[in-house]
Amino acid sequence: MTIENPPYRLLLTPAEKPIREHVTKFGGAPVWVNEPQWPLSRRLERPMMFIGQFRLPGPEPRMAYLFMTYDDIDCTYESEAGENALIVQPGRVPPFVEVRADVHGPAICEYAAELDVANAGELDDVYHSRIGGLPTWLQGEEHPRGAWDFLFQLDSVGPLGNDVNFGDAGVGYGFLSPDEEEGRFLWQCC
């Protein structure tokens, strides 16, 4: 499902009320497709922070939910360390992630993300948050182990900067397995 052309730039707009639909958004509570699957920090054994959800292509609702440990803990940048999770529904939970059926948990501020089409060549900053296209690496190419398709990129210097910590001026990268049933997330910083 590689979304190569065009990428969709994420433009964030504050939500006036909680969003309870299967749309791309940041903060608030996840709008689950199936039963809740809130991931736990491997080291701290408590719920990770919900960052956002991404609507996947197709007629039926399919979502990828991004979570990350929000305490000052090492390894949140690694794709399989158990301190971040990209949960796909319907899909399968990554083998290194433990989940609970919690409906609510910690989350970043309440935002809605509007999608605005922008060709990669028209982006004024190659690190902008976007869905699709190709990743713009800060430290060199770093795909998760195995075969993974690029899904999104999040710029922590942009509108999410006060709410997520991808290190100093970092960028996060989300990926889907070729069967679109499982996700991975990692981040790099300057």
Exercise for the section: Residue by residue through region 120-155, note down the ones that are in a loop (DSSP other than H, G, I, E, B), among the charged types (D, E, K, R) and modelled with pLDDT under 85. Expected result: D124, D125
Problem - The lone exception for N165 - which of (1) open to solvent by 40 Å² or more (accessible area, probe 1.4 Å); (2) modelled with pLDDT under 90; (3) over 16 Å from T69 (Cα atoms) it fails - result: (3)
Problem - Residue count for region 46-58, restricted to those that are touching an Asp or Glu at 6+ places or on another chain (Cβ under 8 Å) and either more than 25 Å from D74 (Cα to Cα) or open to solvent by 40 Å² or more (accessible area, probe 1.4 Å) (or both) - result: 1
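Rundown of residues vs (1) among the hydroxyl-bearing types (S, T, Y); (2) touching a residue at least 40 places away in the same chain (Cβ under 8 Å); (3) crowded, with 16+ Cβ neighbours inside 10 Å; (4) under 18 Å from R130 (Cβ atoms), yes/no style:
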site	(1), (2), (3), (4)
R9	no, yes, yes, yes
T24	yes, yes, yes, yes
N34	no, yes, no, no
L66	no, yes, yes, yes
V103	no, yes, no, no
Problem - Positions within region 76-102 being closer than 16 Å to L44 by Cα and assigned to a strand (DSSP E or B), in sequence order - result: N84, A85, E98, V99, R100
Practice task
Please find, among I19, I73, the residue that is part of a loop (DSSP other than H, G, I, E, B), under 15 Å from L186 (Cα atoms) and open to solvent by less than 70 Å² (accessible area, probe 1.4 Å).
Solution key: I73
Exercise for the section: Could you check how many residues of region 38-81 are in contact with a Ser or Thr (Cβ under 8 Å, 6 or more places away or on another chain) and within 20 Å of G27 (Cβ to Cβ)? Expected result: 12
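The values are calculated or read from the model by the stated rules, or taken from the named source; none is laboratory data. None of the values given here were measured: they were computed from a predicted structure. Note that we place each Cβ from the backbone using ideal geometry, even for glycine, and neighbour counts take in every protein chain shown. What goes into the accessible areas is simple: the full protein's heavy atoms, side chains included, and nothing from ligands, DNA or RNA. Shrake-Rupley method; radii C 1.70, N 1.55, O 1.52, S 1.80 Å.
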